[in-house]
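Shown next, in structure tokens, is the structure this report addresses.
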């Protein structure tokens, strides 16, 4: 006689697997890597299913009889909220690169040079797009995606399925993440914007003292050349700033999970 699994057992395992996929799937939906519009929906579903497989045998899951009852209904939004909050924290902090690139482009006069960004679905300045791709490369190159997935898998230990969230954790995490995004964007753009501001002051003084010098024919090429040179020279520091941003994002997600579990 060959061993076999009954249909009821298969249904129970699939139901528990679907429950384990809720948190992981919500995180992948809101994260900047898998959450982009350029990633097809079947890829996200398969990634959620594969990543959630170890959770079926390594973490305690609700009984299949409980999953089909009304008592399990509040668990679904809680699981989705945990994954969405972690993914949105990462996405919001990734917005620091777009903020810095947008301010640099506006200061350099490149605000009109915009192109379609498949990640956001709108028009984005070229400098902001370059910074976003640069940050994404640093994030993947430093194994930040593996670190974030590890944090999400460890979240099942801190916040077991069915555990309640501490009140005010999500709103507090969102406010703190917004503050961190603007602070990080300001620190990233400040070196380049400061030099460009001084350069614009010098160009303004020169055009004021010599009216025959046209601002567009004289100042614009100098500003463009200076911007390209500054970004090239600032590349090593930009890598370090993006690396710190990835570390801050991972640390902030871990602090949010600890605060949600009440262990902070």
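The values are calculated or read from the model by the stated rules, or taken from the named source; none is laboratory data. What you are looking at is a predicted structure, and each value in this text was computed from that prediction instead of being measured. Counting neighbours? That spans all protein chains shown, and the Cβs are built from the backbone with ideal geometry, glycine included.
Considering every residue within region 185-202, establish whether at least one is modelled with pLDDT under 90, farther than 25 Å from residue 138 by Cα, within 30 Å of the chain's Cα centre (by Cα) and surrounded by 18 or more Cβ atoms within 10 Å (Cβ to Cβ). Yes, the conditions are met somewhere in region 185-202. For region 37-56, the set of residues classified as under 19 Å from residue 147 (Cβ atoms) and surrounded by 15 or more Cβ atoms within 10 Å (Cβ to Cβ) consists of 47, 48, 51, 52, 55, listed by residue number. For residue 35, the conditions (1) within 26 Å of residue 93 (Cβ to Cβ); (2) assigned to a helix (DSSP H, G or I) are fulfilled apart from (2).
Residues that are within 30 Å of residue 17 (Cα to Cα) and at pLDDT below 85 are absent from region 126-136. Going residue by residue through region 97-104, is there one that turns out to be within 11 Å of the chain's Cα centre (by Cα), part of a helix (DSSP H, G or I), buried (at least 20 other Cβ atoms within 10 Å of the Cβ) and in contact (Cβ under 8 Å) with a residue 12 or more places away in the chain? The answer is yes, given that some residue of region 97-104 is within 11 Å of the chain's Cα centre (by Cα), part of a helix (DSSP H, G or I), buried (at least 20 other Cβ atoms within 10 Å of the Cβ) and in contact (Cβ under 8 Å) with a residue 12 or more places away in the chain.
Whenever a residue of region 157-180 is closer than 12 Å to residue 259 by Cα, its partners that are part of a loop (DSSP other than H, G, I, E, B) and at pLDDT below 80, lying with C-beta atoms within less than 8 angstrom and at least six residues away or across chains, give the pairs 158/263; 159/165; 166/262. Mind listing just one residue for me: the one in region 60-89 that is exposed (fewer than 15 other Cβ atoms within 10 Å of the Cβ) and under 26 Å from residue 251 (Cα atoms) and, of those, nearest to the chain's Cα centre (by Cα)? Top of the filtered list is 77.
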